[in-house]
């Protein structure tokens, strides 16, 4: 998620805030945090450094300073932004400064794993926005790129996408720009679709296609034109080829969802249980009949 300030913010010195730095020949990672969060700051720097190597084939190698700030209270967040972001937002990237502000896991009521995902997600926005302003891109490309390049595009999101493909309930591409205003259920599908659109581009045209689109955008500032120039498909035809890709690769993935497996197996399990009980009752009845026959025979012998 990106957060743009409308009015200049007052520069406020955070008490007891220090920086963890990591320098390379091309870029420098700065992570500011209070003294009690220095271990988390070092962890953040490590994640950023590792992620940059992973993202390099798609976004190139950054230069200059990459600045991060970890906050642990709403007051700190308000000082930096002038207002509070949505409660569900664990981090924001500020442009044009190009700085990422992260809620600490405690403040965000989240796990270290999700905190790691927030770092990676916002790093994608930061590297992307430093090359071309994010507001020149549709939301599905900006958010889809961040989800695809991180651990967020997991099996759960793929199952959600597969279910929509199977039921023919995909959200039209032009409506994906509304994803930031959608309810939770539709937003989950929208983000999954956005990530799959990036996956389609990468799988069909190779990882370099993202760099090529960004380079084209630097020249003409027109996303639809840039996409068409790079992939050789008119933007109006892009949804057809993308959805064809989804139909080929995602139609049956929803079967990996254990809940749906149990749902489909339930009738078979009920039938199996019915047959087992019926067979058991039949055996009991047969045993009872045999016992009665034996008793009758013994009675006859006694006479």
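Read the figures in this text as sums done on the coordinates, not as results from a lab. Just so we're clear, the structure is a prediction, and the values are computed from it rather than from any experiment. Cβ sites come from the backbone with ideal geometry, for glycine too, and all protein chains shown count toward neighbours.
Once the Cβ-Cβ distance of residue 219 and residue 46 is raised to the sixth power relative to R0 = 41 Å, the FRET efficiency obtained is 0.70. Available extension along the chain between residue 275 and residue 156 is 39.3 nm, counting 0.36 nm per residue and deducting the alpha carbon span. In percent, rounded to a whole number, the relative contact order of the stretch 53-102 is 39, using alpha-carbon pairs under 8 Å and six or more apart.
Pull out a ≥ b ≥ c, the square roots of the eigenvalues of the alpha-carbon gyration tensor of the stretch 139-263, then state rounded if a/c is under 1.5, prolate if not and a/b is larger than b/c, and oblate in the remaining case. Note, shape of the stretch 139-263 comes out prolate.
With Cα atoms defining each centre, the stretch 88-132 and the stretch 206-228 are spaced 24 Å apart in the structure. Peptides 32-39, 44-51, ordered by how many other C-beta atoms sit within 10 Å of their residues on average, highest first, read 44-51, 32-39.
If both residues of a DSSP beta bridge must be in the stretch 63-216, then about 45% of such bridges are antiparallel. Annotation: extensible slack from residue 183 through residue 88 equals 33.0 nm (criterion: 0.36 nm per residue apart, minus Cα-Cα distance).
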